[in-house]
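Below is one structure, written out as structure tokens, with a few remarks after it.
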Amino acid sequence: MIIYGVMTETSVGQLYIAGILPGIVLSIFFAGYIVVRCMLRPELAPRVTEKIFWRDRFYSLLEAAPMIGLIFIVLGTMYLGS
């Protein structure tokens, strides 16, 4: 989108905003495809037999925090025009 926006002199922020809805729709379709595919062939996604604690889930979320923060910083500065 950045290259297209520069070449056509279009606002890159507006291009990203316009891409939000198609991105959400594609994500829903991909997730639905995965669910249906795994229902038809359960060996593709075997069930988890061990207990996963909430503490471990929050810890893994903390490991992803820098990447999530980077996304918010980049998109936030583009939308705010800084």
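What the table below lists for this structure:
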read-out: Flag if TYR33 is within 17 Å of LEU75 (Cα to Cα) and open to solvent by 60 Å² or more (accessible area, probe 1.4 Å); value: no
read-out: Matching residues, the range 19-56, being outside any helix (DSSP H, G or I) and either closer than 30 Å to TYR4 by Cβ or charged (D, E, K, R) (or both); value: GLY19, ARG41, ARG47, GLU50, LYS51
read-out: Test: residue in the range 43-51 that is out of contact with any Cys (no Cβ under 6 Å at 6 or more places or on another chain), of a type outside the set (Phe, Trp, Tyr) and open to solvent by less than 80 Å² (accessible area, probe 1.4 Å); value: no
read-out: Residues located in the range 6-22, provided they are over 15 Å from LEU75 (Cα atoms) and surrounded by 10 or more Cβ atoms within 10 Å (Cβ to Cβ); value: VAL6, THR10
read-out: Condition check for TYR79: among the aromatic types (Phe, Trp, Tyr), part of a helix (DSSP H, G or I) and modelled with pLDDT of 90 or more; value: no
read-out: Residue check for GLU9: modelled with pLDDT of 90 or more and out of contact with any strand residue (DSSP E or B) (no Cβ under 6 Å at 6 or more places or on another chain); value: yes
read-out: Single unsatisfied condition, TYR16 versus (1) under 16 Å from the mean Cα position of the chain (by Cα); (2) among the hydroxyl-bearing types (Ser, Thr, Tyr); (3) not in a helix (DSSP H, G or I); value: (3)
read-out: Residues (open to solvent by 100 Å² or more (accessible area, probe 1.4 Å) and within 25 Å of GLY13 (Cβ to Cβ)) located in the range 57-72; value: MET67, PHE72
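The values are calculated or read from the model by the stated rules, or taken from the named source; none is laboratory data. Predicted model only: the values in this text are computed from it and were never measured. Positions of Cβ are generated from backbone atoms using ideal geometry, with glycine treated the same way; all protein chains shown enter the neighbour counts. Just the protein is used for accessible areas: all its heavy atoms, side chains included, with ligands, DNA and RNA removed. Shrake-Rupley method; radii C 1.70, N 1.55, O 1.52, S 1.80 Å.
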